[in-house]
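In what follows, a single structure is set out as structure tokens and then discussed.
We did not get these values from a lab; they are worked out from the coordinates using the rules stated. It should be emphasised that the depicted structure is a prediction, and the values quoted were computed from it without experimental measurement. Here the Cβ is made from the backbone with ideal geometry for all residues, glycine too, and neighbour counts use every protein chain on show.
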Ligand code: GTP
Ligand code: SPV
Ligand code: MN
């Protein structure tokens, strides 16, 4: 018998495996769980209800296996540190697959595998993969459960860390299962760390497998993930569902699933502007989402920091606008660089109830990472559990170390952030890390020019995925690793959505906080001071501020941007707002070659040619 225990409950699903919790009432769900259990052969099955009792049991178990290290409850109540396997610290884009029926449907930017072949590979990998472990069934909702934009999924995982993280990042448990049981469509998502245990094996704190597969079947709307416990690879509601699979659903249903933050900006006059912004991974979304304005009278409320779903809907005024929700319920944020100076809102959010991953441990049982304070503590335990002193010559926290925390704890969260209707979008920003050429801010002159701007995003690589940090790479819409179908079709879909919106379409802007001088110093102070740019953007939407026309769109005249008190030199400001025709010709020519490679819609290539001609 596969089960070691005879203590089966009445809730038996498959074989004679003990089952705990309240299973679904739906036959298709039960059959699927049964099939996966028969394949992966876990010791037991737990239906996760999202309640405190189950959660506390799970945490206790993780503490006993060393997966979670409790932090000092006086300094950081209810918080834990997880140290991953050193080979499992980021998304693995080279191991991420889009298994559409044809290679063309995955486009030139995704790794494609033949679906039938991949299913065979997965059947082999998952055969017995959960032996000695518990199979958790985690029903979840992306979006407030009552939102017409919400979509449901069920993740099967053998990782308690994933269960605890999904509880923070999504609405998981009984409420989501109730919707599914009532007939809602659901996306099956199967995850295993790929580390079965024999009867005499002792578990490690962070089980994983050197061989990793992050697999999507867009036609079947199905996800399989093997070998990793890291966020974007394992919390399948996040990038796998809310971006890769959702982008396909959105294409079919006429909406957009994007790698964006979402905020509400209120001007001193009380005018509200809803802004979404797409920057590549580790390029400032969480920071901008938690912006603490440095200009008097302005306020910013947080709605989301990583993913936005938006759908056209006609308002009472007869104008069709994009209405946006944040499908997540928490933040999985980059720790390094987060400090009381740079992002006090995040620091306040992190006071309690946090799962930290791969940060350093202080001698008094709290956490530290590079950039939290200007001076590091004299002694730490680094992210790999080794002694660390400031002269160690290596970072104490992994550059992609992260915090997982509930959005409800964020002090700047908008009171209505869970409004099922979402917010009407006024502006969309695109940006990246560009040390040269790209101005601080540009307004696209049309939706088409804005789509071109999004399609042309390039950014220096960061530690959020494997690869060489600092290398410039193209990342259209900050969605390069997250588009579930051919990027040419994705661009065509954006153009199509814009046509449907007409005058209700949000204005589109490009921003760049990362321009440097010849000495490698950031020209722009960034962080809270980004308020100055956000204020210009909000005023442009209202039509109350000027700008000068350039071949790549409108940029502020030096006098249009409020830079009082920044101590910015005139020369630095000029450089930040400069559109150099020679550099831009080269930039657009490169972008054109890339669009060609993508087989982007002709309308975009024409828009690009027009801009080149104007230069
Ligand atoms: P993902 O969660 O990977 O999608 O990242 P993100 O886009 O949310 O990036 P995040 O806000 O976490 O910022 C990543 C890094 O960029 C951090 O180390 C920040 O300190 C740094 N950063 C954010 N905003 C700014 C800025 O305005 N200027 C500068 N110089 N650095 C910034
Ligand atoms: C990113 O890499 O863009 C993240 C972290 O937001 S992850 O969830 O791992 O994708
Ligand atoms: Mn992200």
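How far is helix 487-501 tilted off the main Cα axis of the chain, in degrees rounded to 10, range 0 to 90?
That helix lies at roughly 60 degrees to the long axis.
Taking Cα atoms, how many degrees apart are the long axis of helix 115-126 and the longest axis of the chain, rounded to 10 and kept between 0 and 90?
The helix 115-126 is inclined about 50 degrees to the chain.
Give me the number: length gained by fully extending residue 391 to residue 266, i.e. 0.36 nm times residue separation minus the C-alpha to C-alpha distance, one decimal in nm.
Working: separation 125, 0.36 × 125 = 45.00 nm, distance 4.52 nm.
The residue 391-residue 266 span can extend by a further 40.5 nm.
Based on alpha-carbon positions alone, could you give the equivalent ellipsoid semi-axes of region 235-360 from the gyration tensor, as √(5λ), descending, whole Å? Kindly include the intermediate steps, with their values, before the conclusion.
On the way: eigenvalues 140, 100, 20 Å².
For region 235-360, the ellipsoid semi-axes come out as 26, 22, 10 Å.
Taking the Cα centroid of region 280-318 and of region 358-419, what is the distance between the two, rounded to the nearest whole Å?
24 Å
Sorted from largest to smallest, which semi-axis lengths in Å does the alpha carbon gyration tensor of region 484-587 give for its equivalent ellipsoid, taking the root of 5 times each eigenvalue? All intermediate terms of the calculation are to be shown ahead of the outcome.
Details: eigenvalues 162, 71, 38 Å².
So the equivalent ellipsoid measures 28, 19, 14 Å along its semi-axes.
Expressed as an acute angle from 0 to 90° and rounded to the nearest 10, what is the orientation of the C-alpha long axis of helix 160-169 relative to the principal long axis of the chain?
So the helix axis and the longest Cα principal axis differ by about 40 degrees.
Take the Cα pairs of the chain, get the Kirkwood Rh, then feed it into Stokes-Einstein at 4 °C and 1.567 mPa s and tell me D in µm²/s.
Details: Rh = 25.0 Å.
For these conditions, the coefficient is 52 µm²/s.
For region 460-528, just say rounded, prolate or oblate: build the C-alpha gyration tensor, square-root its eigenvalues into a ≥ b ≥ c, call rounded for a/c under 1.5, and beyond that prolate if a/b exceeds b/c, oblate if not.
Working: a/c = 3.35, a/b = 1.51, b/c = 2.22.
Judged from the Cα gyration tensor, region 460-528 comes out oblate (a/c at least 1.5, b/c at or above a/b).
Sort 596-607, 280-291 by packing, meaning the average of other beta carbons within 10 Å per residue, with the highest value first. Could the numbers behind the result be given before it?
Details: 596-607: 17.1, 280-291: 26.0.
Highest mean packing first, the order is 280-291, 596-607.
For region 70-118, what number results from the quotient of the Cα radius of gyration and 2.2 N^0.38 Å? Can you show the working numbers first?
Working: Rg = 19.4 Å, N = 49, 2.2 N^0.38 = 9.7 Å.
Taking N as the residue count of region 70-118, the ratio is 2.01.
Bin width 10 Å, origin at 0, all Cα-Cα pairs of region 56-190: what percent of pairs per bin?
Pair shares across the bins are 10, 27, 35, 23, 4, 0.
Rounded, prolate or oblate, given the Cα gyration tensor of region 8-113, with a/c below 1.5 counting as rounded? Mind dumping the intermediate values first?
Numbers: a/c = 2.53, a/b = 1.14, b/c = 2.22.
Verdict is oblate for region 8-113.
Determine the relative contact order of the chain: mean sequence separation of Cα pairs under 8 Å and six or more apart, normalised by residue count, in whole percent. Walk me through the numbers on the way to the answer.
Working: 1387 pairs, mean separation 85.2, N = 615.
Value for the chain: 14 percent.
Need one word for region 228-286: rounded, prolate or oblate. Basis is the Cα gyration tensor (sqrt eigenvalues a ≥ b ≥ c); a/c below 1.5 gives rounded, then a/b vs b/c decides.
On the way: a/c = 3.34, a/b = 1.62, b/c = 2.06.
Oblate is the answer for region 228-286, as a/c is 1.5 or above yet b/c matches or exceeds a/b.
In µm²/s, what is D for region 134-189 at 10 °C and 1.306 mPa s, where D = kT/(6 pi eta Rh) by Stokes-Einstein and Rh is the Kirkwood radius from Cα pairs? The partial results should precede the final answer.
Working: Rh = 11.1 Å.
It comes out at roughly 143 µm²/s.
Report the calculated FRET efficiency for residue 175 and residue 496 (r = Cβ-Cβ distance, R0 = 30 Å), to the nearest 0.05. Don't jump to the answer; show the numbers that get you there.
Details: r = 34 Å, r/R0 = 1.14.
Calculated value: 0.30.
Working only with C-alpha atoms, what are the Rg and Dmax values of region 166-273, expressed in angstrom?
Here Rg and the maximum Cα pair distance are 18.4, 68 Å.
Counting alpha carbon pairs within less than 8 Å and at least 6 residues apart, what relative contact order, in whole percent, applies to region 133-270? Before the final figure, lay out each step's value.
On the way: 225 pairs, mean separation 27.4, N = 138.
That works out to 20 percent.
Return the equivalent ellipsoid semi-axes of region 529-577 as a descending list in whole Å, where each equals the square root of 5 times an eigenvalue of the C-alpha gyration tensor. List each step's numbers first, then the result.
On the way: eigenvalues 63, 41, 13 Å².
So the equivalent ellipsoid measures 18, 14, 8 Å along its semi-axes.
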